[in-house]
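This report refers to the structure that appears directly beneath it.
Here, each number is a calculation from the coordinates, and none is a lab measurement. Note that the structure is a prediction, hence the values are computed from the model and not measured. Every residue, glycine as well, gets a Cβ built from its backbone with ideal geometry; the counts of neighbours run over all protein chains shown.
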Amino acid sequence: MDRKRIALVAHDARKPDLIGWLGANIHALEGNVFWSTGTTGRLVREAHPQLDITSLKSGPLGGDQQIGAMIAEGRIDLLVFFVDPMTAQPHDVDVKALTRLATLYNIPMACNEATADMVISSPLFTSGYRPRAVDFAAHDSRRL
């Protein structure tokens, strides 16, 4: 199996859902490498110590941007971001920037459990699949 580099993020109200989803899918996820924003990473490590997880800063303290930078550098293969659509987020601009980067760099992004289930159950998840690299040459050479 090709080890996937997976970023885990969850809004406060969705952290238990992410922990539960990881537990329900532990056999499919073991052997991959994970990065997470601070509190989410700590909770994941406590619940699932067998996962190889590195915690970054808390989301509001820059963790979202750290994951965004990793996406831009080609160091993340999948973003699992359990979003709470019912609660206003004080760092909403950071959240939007992170989801924008996942879209821009063409990496899969699961914002809820159903999508995350579809992603990890796909045969592409365990293959050597790599999304098509995005070519920014036209953007980089544009005239202003």
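A few notes on this one:
- With the convex hull of its Cα atoms as the shape, region 5-140 has an orientation-averaged projected area of 8.2 nm².
- The slack in the chain from Gln89 to Ala72, taken as 0.36 nm per residue of separation less the alpha-carbon distance, amounts to 3.8 nm.
- Gaussian network model of the chain, Cα within-10 Å springs - most flexible of Gly128, Gly20, Gly63: Gly128
- Listed residues Lys15, Lys96, Lys57, most fluctuating in the chain (Gaussian network, C-alpha, under 10 Å): Lys96
- Whether region 61-144 is rounded, prolate or oblate, judged on the alpha carbon gyration tensor where a/c under 1.5 counts as rounded: oblate
- Each of Met118, Met109 has some number of other Cβ atoms within 10 Å of its Cβ, and from fewest to most they run Met118, Met109.
- Residue among Ser127, Ala137, Ile19 farthest towards the positive dipole end of region 5-140, charges placed on Cβ: Ala137
- Applied to region 49-60, the Karplus parametrisation 6.51 cos²θ - 1.76 cosθ + 1.60 on θ = phi - 60° returns per-residue 3J(HN,Hα) values of x, 6, 7, 7, 10, 10, 8, 9, 5, 4, x, x Hz, with x for Gly and Pro.
- Annotation: amide H of Trp35 within the under-5 Å range of Ile6, Ala7, Leu8, Thr54, sequence separation 5 or more or interchain, hydrogens built in the peptide plane.
- Rounded to the nearest 500, the 222 nm mean residue ellipticity of the chain from helices alone is -11500 deg cm²/dmol, with -39,500 (n - 2.57) taken per DSSP H run of at least 4 residues.
- Note on Arg130, Arg14: ascending count of other Cβ atoms within 10 Å places them as Arg130, Arg14, the fewest first.
- Each residue, Met118 and Leu104, gets one label point 7 Å from its Cα in the Cβ direction; the gap between the two is 2.5 nm.
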